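The values are calculated or read from the model by the stated rules, or taken from the named source; none is laboratory data. None of the values given here were measured: they were computed from a predicted structure. Glycine also receives a Cβ, built like all others from the backbone with ideal geometry; neighbour counts cover every protein chain displayed. Calculation scope for accessible area: heavy atoms of the full protein, side chains included, ligands and nucleic acids excluded. Shrake-Rupley method; radii C 1.70, N 1.55, O 1.52, S 1.80 Å.
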Amino acid sequence: MLDLTWLLIAVPLASSLVLILLGKRADKWGHWMGVAASTAAFVVGLGALIQMLGLDSESRTHAMHLFTWISGGELHVDAGLLLDPLSMTFVMLVTFVGTLIHLYSVAYMEHDPRRRIFFAYLNLFIAAMLLLVLADSYLLLFVGWEGVGLASYLLIGFWNHKPEYATAANKAFVVNRVGDVGLIIAMGLMFTAFGSLSFSDVFAQVGDVSTAQLTAIGLTLLVAATGKSAQFPLQSWLGDAMAGPTPVSALIHAATMVTAGVYLIVRSSAIFDLTDTARLVVTSVGAITLVMGAIIGMAKDDIKKALAASTMSQIGYMMLAAGLGPIGYAFAIFHLLTHGFFKAGMFLGAGSVMHGMNDTVDMRRFGALRTAMVVTWVTFGLGWLAILGVPPFSGFWSKDKIIEAAFVGEGWQPWVFGLAALIGAGLTAYYMSRLFFMTFHGKARWTDEMHPHESPWLVTAPMIVLSVGSALLGWFLASGDRFTTWLEPVTGHVEEHDPVMAVPLIMTFTLLLVAVGVVVAWLQYGRTEVPTEAPAPSLGTMLARNDFYQDSVNRGVLQRPGTHLTRTLVYADAALVDGAVNGTGTGLLRLGEFLRRFQSGQVRSYAALLLIAVAGLIAGVVLGVL
Amino acid sequence: MSPIAFVYLATVLFGIGAAAVLTRRNAIIAFMGVELMLNASNLALVAFSRIHGEIDGQVMAFFVMVVAAAEVVVGLAIIIAVFRARQTISLDEPAELKG
């Protein structure tokens, strides 16, 4: 089964191409083919996983050469796949959660005339993401990296007949390009330093180059990761990306796109291990995004945007963990895995709520949906408990470990990062509870034409499966350190570290903050009446509601000066360069026009000119000028 | 009588000749002006020759006379050709070489 890994990518890709090429003929069954392709990938992945579990942990790395891709001069790139516990984890997450989202989409997109195309894009997304995680070199990874960028662009802008949706897709695409430039530069630096782009060559030689080079590579890789994973300062596209159909949001946030950045950092652990500077920056970016995303989430009234802010914040946790180095890598991936389940479940839940509420996304118009949508309420509730980090739900096992790891270290760092992670947990509890209570509890605030109802089974079934994962997966994988042991061949074995605060104390603080968050949210949004119109915001709320004016900041700091610079350059080009060229031309023309007047054809004027010239010459000789 | 007076005379003659060339429309008159200028220069050459006590100025005057004779031949031929073509000897009318 391990040798069939290429099927993982080939099957969804082929299905995607077929769906696009067949056109309307596939309208009737195209969506089922999409589901089948995704399921097939999952089955292949599962087979590979079972086979891998049967091997010793040392021999679980399976590299596979496919074909020589580029060979020219010093550059020689083979297309090959690398299946190890890390990529296997991603394969399972992408295919399993992806397949559930496919199933859900069959019902969710039922009335969309372009459902077939939607499934073609979904399959493309899955294929690109699998290529990204299975590639054995940075260059092949980049193909998948661009592939998910393309697929996300197509899916976010799926309803591109609305201009603002198309704009959102463009924004995601453009912001991602900024990150991609980072990856391209990183690859250039790696090629200069190591002469190769394959993981094995690069990681084998990391000890031979200077720390400065490694730091440069690490930082450029981080730029790439911030773009894909919507981290500070390239996070502004994520909220707008909610314009896409809800299953897309689930797919982007849980299994594909935004997890790619974390994957890149953890995959490049060999590089980051040797450069403390780059790691510190990674951790800082994670910490900033984690708090920032949480604060933004506290003020959003749009249920999908609140969830998007939550993703940003949770990915911030993963980045923070990844930046902590060997003690954090495994937990970053662990949290990514559990987050994949509960976030996908909650996004699908949000889609179910929207389905029942005529596509309303304003939470101030919800309320008391728990009786109308029992299944959604329960499954969403499990996801909510999981993201809160309430034991024994999934999020507890992964997030708590990250908070503990953040408190490990020396000097100021554990205090800053640890407290950021700790406060983030409290904020998370608040905004997620706010979302949960506003949607499902309190008094009904919807209008008479709304008839909230439970979604069909095809919608609820994936939610149920995901909620089971949200509830149990963390506990299952954490017990006996199953997951960390599994990842050890990639992330390395880590000895126990003592945090600067005692572990039980950290756990108590975390749970206490979570409880406070939930209670405050309950008092504000569960027990008391929620106004249907947002009250006049305080300064902080204004900030958070507008994503800290990141768009304005970007516009002011980057776009405006850029525009001015290009305008100046255009002006300079027109005035100076063109001016000089055209000026020479017109100048000569004018001179010609002027001289032409002397060419009157009149003998006497020629004679006069001659006389004046001779007189001038003589005068010159006499006066000694010439 | 100082030879320099001849140079002054030559200057005056040259001025008159130049003025005739520049102001008169009639080609013949202008031609005569040219001759006058040539004669003025001959006079000046001979005068300088006397002033310096050398004869190369006089030799050059002969050259000028030869050139003048040749010029008369060519110039009169052109004037006649123009007159045949346009029935006029005005200098201002033919302007075909206008730029």
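A few comments on the model shown:
- Being at pLDDT below 90 and either among the basic types (Lys, Arg) or open to solvent by less than 50 Å² (accessible area, probe 1.4 Å) (or both) is a description that applies to A:GLY30.
- Residue, most open to solvent (accessible area, probe 1.4 Å), within the stretch A:577-626, restricted to residues that are at the interface with chain B (Cβ under 9 Å from one of its Cβ atoms) and basic (Lys, Arg): A:ARG597
- Within the stretch A:520-543, the residues that satisfy the criterion of being under 22 Å from A:THR447 (Cβ atoms) and either in contact (Cβ under 8 Å) with a residue 60 or more places away in the chain or of a type in the set (S, T, N, Q) (or both) are A:TYR525, A:GLY526, A:THR528, A:GLU529, A:VAL530, A:PRO531, A:THR532, A:GLU533, A:ALA534.
- Options A:THR376, A:THR371; residue that is hydroxyl-bearing (Ser, Thr, Tyr), over 25 Å from the mean Cα position of the chain (by Cα) and surrounded by fewer than 24 Cβ atoms within 10 Å (Cβ to Cβ): A:THR371
- Candidate set: the stretch A:70-105, residues that are assigned to a loop (DSSP other than H, G, I, E, B) and touching a residue at least 40 places away in the same chain (Cβ under 8 Å); chosen: the one surrounded by the fewest Cβ atoms within 10 Å (Cβ to Cβ): A:GLU74
- Test: residue in the stretch A:106-113 that is more than 20 Å from A:VAL148 (Cα to Cα) and either under 23 Å from the mean Cα position of the chain (by Cα) or in a strand (DSSP E or B) (or both): no
- Residue match in the stretch A:309-324 (condition: more than 29 Å from A:ARG482 (Cβ to Cβ) and open to solvent by less than 10 Å² (accessible area, probe 1.4 Å)): yes
- Flag if A:PHE199 is farther than 26 Å from A:GLY469 by Cβ, open to solvent by 20 Å² or more (accessible area, probe 1.4 Å) and modelled with pLDDT under 90: no
- Summed over the stretch A:155-170, the residues that are assigned to a helix (DSSP H, G or I) and surrounded by fewer than 21 Cβ atoms within 10 Å (Cβ to Cβ) give a count of 6.
- Residue within the stretch A:532-554 that is among the aromatic types (Phe, Trp, Tyr) and away from chain B (no Cβ under 14 Å) present: yes
- Residue ID - surrounded by the most Cβ atoms within 10 Å (Cβ to Cβ), chosen from residues in the stretch B:19-62 that are closer than 26 Å to A:ALA608 by Cα and polar (S, T, N, Q): B:ASN42
- Those residues of the stretch B:3-15 which are loosely packed, with under 14 Cβ neighbours inside 10 Å, more than 11 Å from chain A (Cβ to nearest Cβ) and modelled with pLDDT of 90 or more, in sequence order: B:ALA5, B:TYR8, B:THR11, B:VAL12
- Elements of type helices (runs of 4 or more DSSP H) contained in the stretch A:194-278, each with 2 or more residues being of a type in the set (S, T, N, Q) and touching a residue at least 24 places away in the same chain (Cβ under 8 Å): A:211-228, A:246-250
- Which listed residue is out of contact with any Pro (no Cβ under 8 Å at 6 or more places or on another chain) and either surrounded by fewer than 18 Cβ atoms within 10 Å (Cβ to Cβ) or assigned to a loop (DSSP other than H, G, I, E, B) (or both), from A:LEU513, A:LEU523: A:LEU523
- The set of residues in the stretch A:14-69 that are charged (D, E, K, R), in a helix (DSSP H, G or I) and within 24 Å of A:HIS493 (Cβ to Cβ) comprises A:GLU58, A:ARG60.
- Out of B:ALA47, B:ALA40, B:ALA18, B:ALA68, sole residue that is over 30 Å from A:LEU595 (Cβ atoms), within 14 Å of chain A (Cβ to nearest Cβ) and touching a helix residue (DSSP H, G or I) at 6+ places or on another chain (Cβ under 9 Å): B:ALA40
- Tallying residues that are open to solvent by 50 Å² or more (accessible area, probe 1.4 Å) and in a helix (DSSP H, G or I) within the stretch A:1-13 yields 4.
- Candidates are the residues of the stretch A:33-43 that are among the hydrophobic types (A, V, I, L, M, F, W, C) and open to solvent by less than 20 Å² (accessible area, probe 1.4 Å); the one that is farthest from A:LEU134 (Cα to Cα) is A:VAL35.
- So B:ILE78, is it within 14 Å of chain A (Cβ to nearest Cβ), out of contact with any helix residue (DSSP H, G or I) (no Cβ under 7 Å at 6 or more places or on another chain) and under 19 Å from B:MET32 (Cβ atoms): yes
- Residue check for B:ALA85: more than 11 Å from chain A (Cβ to nearest Cβ) and surrounded by 13 or more Cβ atoms within 10 Å (Cβ to Cβ): no
- Within the stretch A:325-361, tally of residues that are open to solvent by 10 Å² or more (accessible area, probe 1.4 Å), assigned to a loop (DSSP other than H, G, I, E, B) and in contact with a helix residue (DSSP H, G or I) (Cβ under 6 Å, 6 or more places away or on another chain): 1
- Residue within the stretch A:419-440 that is touching a helix residue (DSSP H, G or I) at 6+ places or on another chain (Cβ under 6 Å) and outside any helix (DSSP H, G or I) present: no
- Tally of residues being in a helix (DSSP H, G or I) and either among the hydrophobic types (A, V, I, L, M, F, W, C) or closer than 28 Å to A:VAL35 by Cβ (or both) across the stretch A:456-501: 26
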